[in-house]
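Enquirer: Would you mind keeping the following structure in view while I ask a few things?
Coordinate-derived values only; no laboratory data. Being a predicted model, the structure only gives us computed values, none of them experimental. Don't worry about glycine lacking a Cβ; one is built from the backbone with ideal geometry, like all the others, and counts go over all protein chains shown.
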Amino acid sequence: MLWKTLLVALAVWSTSCEAMAQDDKTSADVEFYFDSNIGVAFADFPFPGASLLGGVRKVSESGFVVEAEAGLAFPTILTGKVGVGIQRFAGGPSGTFGLRLWPLHAYYQQSIPTKRCERTLSERAQRRLQRRGKNRNNLRCSDWYFTLEGGTYGSISFDSMAIISVGHRLFFD
């Protein structure tokens, strides 16, 4: 029953936030990424897990974030999740609430960009890039994140009541 309530609340909240973003006529920056993570699921006993995912994140000028990803996972074979959140400033950290669709869990995710994603590069970094015949546009941005999740402890959550994970995203054009 709790997961149904969370699903309805997330759908209503994301619809209202998207409507507000459209009313403000904000444009969005769409980012595609590869994601890898490791974690621990807490069921009858702690169990390790990992996943490799592909995803897309849409960030509006006002900082509203919508993201979705899907891919391969151990031990569940497949996994996917959708979420909405806020990015504090362009290129900065973001916090996202959402649902992992399989195994079903509600989650909070905090991302922290790496220094490679900073808008300004030091003179030293610029010189290193120039020696290689490259510029700022050749750097691949990435971020680290951690996720805290709560499940139903039933079969829909793969018998898990919680998951804690850490991961890394590599963005591409």
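Enquirer: Suppose R0 equals 41 Å; then what is the FRET efficiency for A162 and R128 from their Cβ-Cβ distance, rounded to the nearest 0.05?
Expert: Details: r = 43 Å, r/R0 = 1.05.
Efficiency for this residue pair is about 0.45.
Enquirer: Turning to a different aspect of this structure: For I86 and I38, compute 0.36 nm times the residue count separating them, minus their Cα-Cα distance, and round to one decimal in nm. Intermediate results must be reported in sequence, preceding the final value.
Expert: On the way: separation 48, 0.36 × 48 = 17.28 nm, distance 2.38 nm.
Separation in residues times 0.36 nm, less the Cα-Cα distance, equals 14.9 nm.
Enquirer: I need to check one value: relative contact order of the range 65-173, counting alpha carbon pairs closer than 8 Å and at least 6 residues apart, in percent.
Expert: On the way: 209 pairs, mean separation 22.1, N = 109.
Rounded, it is 20 percent for the range 65-173.
Enquirer: Now, a different point. Contour minus end-to-end for W144 and Q110, with contour as 0.36 nm per residue of separation and end-to-end as the Cα-Cα distance? List each step's numbers first, then the result.
Expert: Details: separation 34, 0.36 × 34 = 12.24 nm, distance 0.85 nm.
Working it through step by step, the gained length comes to 11.4 nm.
Enquirer: Using +1 at the Cβ of each Lys and Arg and -1 at the Cβ of each Asp and Glu in the range 37-115, identify which of Y108, G85, P75 lies farthest towards the dipole's positive end.
Expert: Ranked along the dipole, the leading option is G85.
Enquirer: Take each of the peptides 108-115, 52-59, average the number of other beta-carbon atoms within 10 Å over its residues, and list them starting from the highest. Walk me through the numbers before you get to the answer.
Expert: On the way: 108-115: 15.9, 52-59: 17.5.
Packing order, densest peptide first, comes out as 52-59, 108-115.
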